[in-house]
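Below is one structure, written out as structure tokens; the observations come after it.
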Amino acid sequence: MYARASAGSRTRGVSESGAGVMSSQGLHAGVHSTFAAAPQMDGLPVPGGQGTRREVDNLATLALSRRQSKRAAWVASVCTGAALIAKAGSARSMKWIARWWSLSTASR
């Protein structure tokens with residue numbers, strides 16, 4: 001996940017282990033910290049795609065989403081990222097819209 005952190009308005013990447021991540025298309029993204037050490041973010045963009053479908057059942061990812069979204073000024077997702085936000089319970093206090101597939105996945 002990448003988000004803007006309040007300290008210095010920087011973009012920060014985080015992963016569960018702190019290691020870089022690779023997209024299914026082969027794009028490598030470096031990260032700055034682990035989920036546990038992540039600073040509070042001003043905004044939380046949640047990506048979609050095949051990897052996000054797997055992360056919907058990852059307790060560490062759900063905990064990060066829940067923790068960050070409580071104080072973030074905004075939370076946004078792309079496609080299946082909405083399912084992760086919903087499963088974390090973060091969407092309960094937000095107005096949101098998602099395409100039908102993500103909504104049905106979120107209700108699992």
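Throughout, read-outs are computed from the coordinates displayed, never taken from laboratory work. Given the structure is predicted, the values throughout are model-derived calculations rather than measurements. Please note: Cβ atoms are built from the backbone with ideal geometry, for glycine as well, and neighbour counts cover all protein chains shown.
Observations on the structure shown:
- Potential lengthening between ARG66 and LEU27 on full extension [0.36 nm per residue; Cα-Cα distance subtracted]: 11.4 nm
- Once the chain from CYS79 to ARG54 is taken as fully extended at 0.36 nm per residue, the excess over their C-alpha distance is 7.6 nm.
- Per-residue packing, averaged as other Cβ atoms within 10 Å, sorts the ranges 48-58, 21-31, 62-72, 76-86 into the order 76-86, 62-72, 48-58, 21-31, beginning with the highest.
- Karplus-derived 3J(HN,Hα), 6.51/-1.76/1.60, for each residue of the stretch 60-68, Hz, glycine and proline x: 5, 5, 5, 5, 4, 4, 4, 5, 5
- Other-chain or far-sequence residues with amide H under 5 Å of ALA76's (modelled H): LEU44, VAL46
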